[in-house]
Amino acid sequence: MVTRNFLALGSGEVFARVLAFGATVILAHRLGAAGFGRLAIATALVLYLSKIADAGIDLGLGIREVAHARDRLGEIVPTILTLRLLLASVLVIVFGGGALLLLPSPDGLVIALYTLTLLGVAASTRWVHVGLERAGLVGLARCAGEALMLLGVLLWVHQVGDIARAPLAQLAGDAFAALVLALALRRHGVLRLAWRPEVIRPLVRRAIPYVGSVLLGLVIYNADLIFLRVLRGPVTVGYYAAAYAPISFLLNVGVAYSMSLLPTLTRLRNDPAAERDLYHTGSAHVMAVALPIAVGGLLVAAQIIALIFGPEFLPAGPALAILVCSVPLSAVRDLSVVALLARGREDRVFRTLVASAAVSLLLCLVLIPPFGMIGAAVATLATEAFRMVLSMWYARGLGFPVPPIRRAWRPALAASVMAAVLLAAGIDSIWVVVPLGGAVYLLALALAGGVRFRRGETPGLSV
């Protein structure tokens, strides 16, 4: 069930992220480094507001509510929809209107238009479908929305003067995805507004640490971007946003996998052995996928930037080489966070993020003024390492032992062989390096016994 859920949700998430990444690349090319930097700052700021509008529902709270109480959907869903729509409306009026009135053009207009996407966040019922383990529909809706957004970017945004049209494309895509998911719930009779204080009060109490945790997570995620905007200007922000774009794509795929485990981990609470086995297997799987990405990305970072964003963005190459090393750390950490959420320990997630945000801000203050983008990338990598260790330590205290090292030796060996072959080959063309590296890694992993072959079945990981 877990594998099927992830393949449905994860494959949809991957394809949707490919579409979103394609839109990002097009925007970078058409807006240039300075325009792309302005867009990156606007989306970073509105991302904070989107997590308030979400109220922690999409990132665990709502999923767990649905998984626990499927017989009470008629009470839970309308109440949560009402709460989120109210929050989103207030945020649009206050922050969207404030940006339009107080900030210079085009920054104020772009931020104001992006706040309209909060309504799509609030109206989305993705959390209901994930809680019901209907991952396939979630992936399909997400892909449809991102495809519409990409189409909007292609048709509406052609030069830096069209920058205000980018948020309109995002709004159209988000609204369409929300509509698809809502229509799929019609037969349940839950698509209405309702205000039940007995449902709202416990949700709000539990949402506060969720939202606080997510906002602190965003401090970790984009504090470096904001520091760079203040200290170095929009062009540097554009370079750094380009370096972070492929990392963000990979991290979101990792989150999709981790969240696909949440309903099952929640159900397995009374079966410690099965719960522990799922946790360890998930950690081994993400390491087997993330480790070669980090090693390969470190070797060809400059070529990746040149290929995707063009020569104008080549200064982003060294930052990408550092940032890609954070991918395995983030993937393993996500599983520990989901384990904490499955046990209802949002407080420990919050503590982890408080400490990590403090570390992130301190490192940004120390490293970005003298080193710019490189300092920002190092600060991110060090923060992710700290966050992973602390999350795993908290999860260990709840009965989720640290995954044994022996489950990672096969991917580590295969990644080392891949790196040695690529360095010895000395090939510059990324069109050759990427498929060669992938083939060498898979072959080495198979020879080490990390790929399972059974008659009549597709090959599977055995790590």
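The values are calculated or read from the model by the stated rules, or taken from the named source; none is laboratory data. These numbers come from a predicted model, not from an experiment. Please note: Cβ atoms are built from the backbone with ideal geometry, for glycine as well, and neighbour counts cover all protein chains shown. Accessible surface is based on the protein model in full, side chains and every heavy atom, while ligands, DNA and RNA are left aside. Shrake-Rupley method; radii C 1.70, N 1.55, O 1.52, S 1.80 Å.
Which helices pass in the chain if a helix is a full DSSP H run, must span at least 20 angstrom along its long axis by Cα, and must have mean Kyte-Doolittle hydropathy not below 1.6? Please report the intermediate quantities before stating the final value.
On the way: long enough: 2-54 (43 Å, 1.07); 73-91 (27 Å, 1.77); 135-156 (31 Å, 1.64); 165-183 (27 Å, 1.32); 197-232 (50 Å, 0.95); 234-267 (48 Å, 0.90); 272-309 (48 Å, 1.21); 326-342 (24 Å, 1.49); 346-397 (39 Å, 1.11); 409-425 (24 Å, 1.56); 430-447 (25 Å, 2.28).
Result, helices passing both filters: 73-91, 135-156, 430-447.
Using a probe radius of 1.4 Å on heavy atoms only, what accessible surface per residue do you get for the chain? Whole Å² is fine. Don't skip to the answer; put the middle values down first.
On the way: 19400 Å² over 463 residues.
Solvent-accessible surface per residue comes out at 42 Å².
Measuring from centroid to centroid over Cα atoms, what is the spacing of the range 90-131 and the range 155-180 in Å?
A separation of 13 Å, based on Cα centres.
If you add up the charges near His158, with Lys and Arg at +1 and Asp and Glu at -1, over every other residue whose beta carbon is less than 14 angstrom from its beta carbon, what do you get? Don't skip to the answer; put the middle values down first.
Details: positive: Arg30, Arg165; negative: Asp162.
Overall, the nearby charge balance is +1.
If you look at just the Cα atoms of the range 304-463, how large are its Rg and its Dmax in Å?
Rg then Dmax for the range 304-463, in Å: 19.2, 58.
Let's test the formula: R0 of 56 Å, r as the Cβ-Cβ distance of Arg192 and Ser416. What FRET efficiency results, to the nearest 0.05?
Calculated value: 0.50.
On alpha carbon coordinates alone, what is the Rg over Rh value for the range 317-402, Rh being the Kirkwood radius? If you can, show how the numbers build up before the last one.
Values: Rg = 14.0 Å, Rh = 13.4 Å.
Rg/Rh for the range 317-402 comes to 1.04.
Would you mind giving the three semi-axes, in whole Å and largest first, of the ellipsoid equivalent to the chain according to its Cα gyration tensor? Please list the in-between numbers first.
On the way: eigenvalues 203, 182, 89 Å².
Output for the chain: semi-axes of 32, 30, 21 Å.
Place the peptides 22-34, 152-164 in order of packing, highest mean first, counting for every residue the other Cβ atoms within 10 Å and averaging per peptide. Walk me through the numbers before you get to the answer.
Numbers: 22-34: 19.8, 152-164: 16.2.
Descending packing order for the listed peptides: 22-34, 152-164.
Can you give me the distance in nm between label points at Asn252 and Ala358, each placed 7 Å from the Cα along the Cα-to-Cβ direction?
About 3.2 nm separates the two model spin labels.
I'd like to compare 256-264, 228-236: which one has the highest average count of other Cβ atoms within 10 Å, and what's the full order after that?
Details: 256-264: 23.4, 228-236: 18.1.
The most tightly packed comes first, giving 256-264, 228-236.
Would you work out what percent of the accessible area of the chain, with all protein chains in place, is carbon or sulfur (probe 1.4 Å)? Before the final figure, lay out each step's value.
Numbers: 13370 of 19400 Å².
With neighbouring chains kept in place, the figure for the chain is 69 percent.
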